[in-house]
1. Go over the candidates 390, 403 one by one and state the one that is in a helix (DSSP H, G or I), free of Cβ contacts under 8 Å to residues at least 12 places away in the same chain and closer than 16 Å to residue 296 by Cα.
2. Residue 339 versus (1) under 29 Å from residue 108 (Cα atoms); (2) open to solvent by less than 10 Å² (accessible area, probe 1.4 Å); (3) out of contact with any Phe, Trp or Tyr (no Cβ under 9 Å at 6 or more places or on another chain): which is the lone unmet condition?
3. (1) out of contact with any Ser or Thr (no Cβ under 6 Å at 6 or more places or on another chain); (2) open to solvent by less than 40 Å² (accessible area, probe 1.4 Å); (3) assigned to a helix (DSSP H, G or I): which one isn't true of residue 249, the others all being true?
4. Those residues that are within 21 Å of the chain's Cα centre (by Cα), among the aliphatic types (A, V, I, L, M) and surrounded by fewer than 20 Cβ atoms within 10 Å (Cβ to Cβ), I need them from the stretch 364-389; list them, please.
5. Exactly one of these conditions fails for residue 183: (1) open to solvent by 60 Å² or more (accessible area, probe 1.4 Å); (2) more than 17 Å from residue 84 (Cα to Cα); (3) out of contact with any Lys or Arg (no Cβ under 8 Å at 6 or more places or on another chain); (4) assigned to a helix (DSSP H, G or I). Give me its number.
6. Out of everything in the stretch 162-180 that is more than 15 Å from residue 88 (Cβ to Cβ) and assigned to a helix (DSSP H, G or I), what residue ends up being nearest to the chain's Cα centre (by Cα)?
7. Could you grab the pairs with beta carbons closer than 6 Å, sequence gap of 6+ or different chains, first residue in the stretch 256-268 and on the phi < 0 side of the Ramachandran plot, second one at pLDDT 80 or above and in a loop (DSSP other than H, G, I, E, B)?
8. Being touching a helix residue (DSSP H, G or I) at 6+ places or on another chain (Cβ under 6 Å) and not in a helix (DSSP H, G or I): is that true of residue 344 here?
Amino acid sequence: MENYSRATKGITATLFATQSLGRAAFIAIGTVSAIVGAELSSPAWAGVPSAVLSVGAAFGALAVGAATDRIGRRWGFALGLVVGVLGAGLAVGAIATSTLALFLAGFVLMGVASAAIQLGRFAAAEVHAPENRGRAISNVVIGGTVGAVLGPLLVGPSGRWALQAGMNELAGPFLVALVILALAALATSAGLRPDPRDLGREIAKRYPETVVHHGPTRSISRILRSPPAFVAVSAMVFGQIVMVMLMAMTSLHMVNSQHALADISVVISAHAFGMFAFSFLSGRLTDRWGRGPVILGGAGILVLASLLAPLSEGVVPLSIALFLLGLGWNLSYVAGSTLLSDQLSPAERAKTQGTNDMLIGLATAAASLGSGLLFAVTGYIGTAVVSGVASLLLLALTGWWLAKERRNAAASPQSPCPESLALGT
């Protein structure tokens, strides 16, 4: 793989930059989206924009996945980002005209850009050999750390710039998002050379031992009937559900407990730190220990976070619980993404990865809306219990699969490279 070293480094660096820019843009608009939703309608609509964004990202993942298979990752991702630019422009217009429907339409289009950014992790994986895929994915995901720091810092200045231009200050973050997504589109079109789709196919041809499945292209349903693929998708979907449910309700729980906004920001910052800051480590552990053991560890940490969160209303205990929640999500997300990449032939990658991210987007929307209802009925303890049960399901599923695969590996020791990596053997 030495001949591809320069190309893979350039592709990974570009995807890292896109991830950093994209996260900054979406965190900036996420800071004010609930406020805008409430102002354009009523407080009951405050959570609707984020849910609409998740639905847009869900179906956008299918569209972007299909596009990247036809026109390549480079132009498919760039097109998705341009759609997001249009969405940000619609949102600015909606704020100026006080039109909720237009604002939500903008969020649907911005969801397409979010999908393109998230799918970038798979492009990094496909241009690396199996033993380096976890690290490649984590090197892209860690761009979220940059975005998590930069995004909130853009909100205040962008609001002041909007006011100086005679606009509503809430339009500022969306104007900044428009510019950032445009820059990300330019970086993608300029930096993804050679196209990851074509390079991945070439690597698969030259090194067929790196591909688990050979033969006709399988349907999505057949791929998901494969236990490793099912566990991979479950790790990402369940990890997302648990993370969103508990994180979304922690702020409201702290408000009800008379905490100041400064206290809430400390806890959410600890959560964001756990989500992204250790990506460099999760990818290396995924390659060294195996995909399955890291998913198992992530599920176990999610269980622990769910147990700890309702035990104390103090800032420090909640910060620890939310940090662990972010860390458990990261391990499940990185290892699950890597495991799914291992299971697919080049012809199966785009459609399966798009379907996977559609499921994640739908899970995010359902968790965002459902957590509020659950909190209203059962309180924070009930929300944590449901999160813990979902984490236990992932833990049990992964443990069952690992035990089964180890028995199979013992009976047939000559396992293909990606399968042995999944087990950590």
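1. 403
2. Of the numbered conditions (1) under 29 Å from residue 108 (Cα atoms); (2) open to solvent by less than 10 Å² (accessible area, probe 1.4 Å); (3) out of contact with any Phe, Trp or Tyr (no Cβ under 9 Å at 6 or more places or on another chain), the odd one out for residue 339 is (1).
3. Going through the list (1) out of contact with any Ser or Thr (no Cβ under 6 Å at 6 or more places or on another chain); (2) open to solvent by less than 40 Å² (accessible area, probe 1.4 Å); (3) assigned to a helix (DSSP H, G or I), residue 249 breaks only (1).
4. Residues satisfying the conditions are 366, 369.
5. Here residue 183 clears every test but (2).
6. Among them, the one singled out is 169.
7. 257/313
8. Answer is yes for this residue.
The values are calculated or read from the model by the stated rules, or taken from the named source; none is laboratory data. Note that the structure is predicted; figures quoted are calculated from it, not measured. Glycine gets a Cβ as well: all are built from the backbone with ideal geometry, and neighbour counts include every protein chain shown. Just so you know, the surface numbers come from the protein's heavy atoms only, side chains and all, with ligands and any DNA or RNA stripped out. Shrake-Rupley method; radii C 1.70, N 1.55, O 1.52, S 1.80 Å.
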